[in-house]
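Notes follow the structure.
The values are calculated or read from the model by the stated rules, or taken from the named source; none is laboratory data. Small disclaimer: the values here were computed from a predicted structure and weren't measured. Don't worry about glycine lacking a Cβ; one is built from the backbone with ideal geometry, like all the others, and counts go over all protein chains shown.
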Amino acid sequence: MGIFEEMREELNFFGGFRVTLEQMARPRVTSQYPDEKKPKPPRTHGRHVLNRYEDGMEKCIGCELCAGVCPADCIYVRGASNPPDDPVSPGERYGFVYEINFLRCIHCDMCVEACPTQAITESKLFEFSFTNRADAIYTKAELLVGDDGHPQHMPWEDWRDGDDQNTSAWMRATSPGGRASYEGRVSWSGELGYGVRAPERGQALDPPGPLAEVFALRESLASHLLAADRPEAERGMKGVAYRMRGRLEKARARGRARGRARAGRAQAGGEA
Ligand code: SF4
Ligand code: SF4
């Protein structure tokens, strides 16, 4: 083997670092979960809630369609006639018993699609776990939203801001056939605490006038942007420099704060 071939073989050693070096130039995607949570996609399927109308009446009419369509057979509903003097829901009947077994639920959202009154929807909360079977079976007492229209928070659930956003605004955002002319049309009723939820803008890049007011999937997914969607300063080697500058500025700020604290202590010591 000639000397040049030997040198080339030796230098091949550095080829092993290629993947590592390439990764260093890419934006960091690791986050400190669960302390830091990324915004969830608008259509995340999480823990269910039973909604109420803006006047406080329950939306569920006890029709059992959700239980009938559930592929995991995890919903149990029993309807009862509304007391004429003190009706629980508009119409004849209401959901007297309502249970979901979350040990079985696969969060397919078929119950949400089937419900004729948008009574059952899914929040974005999926960070909940149980230590016994009883806790996993949510009854109406846990599923029904409170008097402020917001979901009740169980001790074993980790709710964060945004987990109850847009929970029902996507349900009928398009026609069953997917016709774009249905995009942005509201076809659901108002909810206690939220009013009429705005429809999502959907997939159109340039929606017509009134739809510009409603939220776009892309805008609510800042942490899920494609590389091409990121600002120039946050990409590749520029991104590395950008993040290093940020870290340096934070370190300097910490140093200044420490200096001020030392000076304060020294002054206090001198006065004493
Ligand atoms: S999300 Fe799917 S599996 Fe879960 S309760 Fe609804 S229909 Fe059943
Ligand atoms: S949640 Fe909807 S589908 Fe299920 S029983 Fe109530 S009204 Fe019917």
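Restricting to the stretch 29-63, and then to whatever is charged (D, E, K, R) and outside any loop (DSSP other than H, G, I, E, B), can you tell me which residue is surrounded by the fewest Cβ atoms within 10 Å (Cβ to Cβ)?
As a first pass, look at the stretch 29-63 and keep what is charged (D, E, K, R): 35-38, 40, 43, 47, 52, 54-55, 58-59.
Right, trim to outside any loop (DSSP other than H, G, I, E, B) and you get 52, 58.
Working: Arg52: 22, Glu58: 24.
Taking the candidates together, the pick is Arg52.
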Pairs with Cβ under 7 Å, 6+ apart, first in the stretch 226-254 and in a loop (DSSP other than H, G, I, E, B), second modelled with pLDDT under 70: Arg235/Ala227
Top-ranked residue in the stretch 32-51 [being away from ligand 2 (no atom under 16 Å from the Cβ) and within 17 Å of Asn166 (Cα to Cα); ranked as modelled with the lowest pLDDT]: Pro42
Hits in the stretch 157-187 (condition: modelled with pLDDT of 65 or more, surrounded by fewer than 18 Cβ atoms within 10 Å (Cβ to Cβ), in a loop (DSSP other than H, G, I, E, B) and not basic (Lys, Arg)): Asp158, Asp161, Gly162, Gln165, Val186, Ser187
Members of the stretch 80-125 found to be near ligand 2 (Cβ under 10 Å from one of its atoms), among the small types (Gly, Ala, Ser) and under 29 Å from Trp156 (Cα atoms), listed by number: Gly95, Ala114, Ala119
Close pairs (6 angstrom Cβ cut-off, 6 or more residues apart or separate chains): farther than 14 Å from Leu143 by Cβ in the stretch 62-85, aliphatic (A, V, I, L, M) and near ligand 1 (Cβ under 8 Å from one of its atoms) anywhere: Leu65/Ala114; Val69/Met110; Val69/Ala114; Ala72/Ile106
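Give the residues of the stretch 1-49 that are small (Gly, Ala, Ser) and under 22 Å from the mean Cα position of the chain (by Cα), sorted by residue number. Reasoning before the result, please.
Of all residues in the stretch 1-49, those small (Gly, Ala, Ser) come to 2, 15-16, 25, 31, 46.
Within the stretch 1-49, Ser31, Gly46 meet the criteria.
Return the residues of the stretch 52-96 that are of a type in the set (Phe, Trp, Tyr) and within 16 Å of ligand 1 (Cβ to nearest atom); say none if nothing qualifies. Step through it out loud before you land on a result.
Just the residues of the stretch 52-96 that are of a type in the set (Phe, Trp, Tyr), to begin with: 53, 76, 94, 96.
Listed by number, the list holds a single entry, Tyr76.
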Criterion: over 18 Å from Asp163 (Cα atoms), in contact with a Lys or Arg (Cβ under 6 Å, 6 or more places away or on another chain) and in contact (Cβ under 8 Å) with a residue 40 or more places away in the chain - qualifying residue of Glu99, Glu113, Glu54, Glu58: Glu58
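When only residues in the stretch 97-156 that are in a loop (DSSP other than H, G, I, E, B) and near ligand 1 (Cβ under 10 Å from one of its atoms) count, which is surrounded by the most Cβ atoms within 10 Å (Cβ to Cβ)? Show your work before the answer.
Keep residues of the stretch 97-156 that are in a loop (DSSP other than H, G, I, E, B), which gives 102-109, 115-119, 123-127, 129-132, 145-156.
This time we only want the ones that are near ligand 1 (Cβ under 10 Å from one of its atoms), so: 102, 104-109, 115.
Details: Phe102: 16, Arg104: 14, Cys105: 20, Ile106: 11, His107: 16, Cys108: 14, Asp109: 16, Cys115: 22.
Ranking the candidates gives Cys115 first.
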Qualifying residue in the stretch 204-224 (condition: surrounded by fewer than 14 Cβ atoms within 10 Å (Cβ to Cβ) and modelled with pLDDT of 65 or more): no
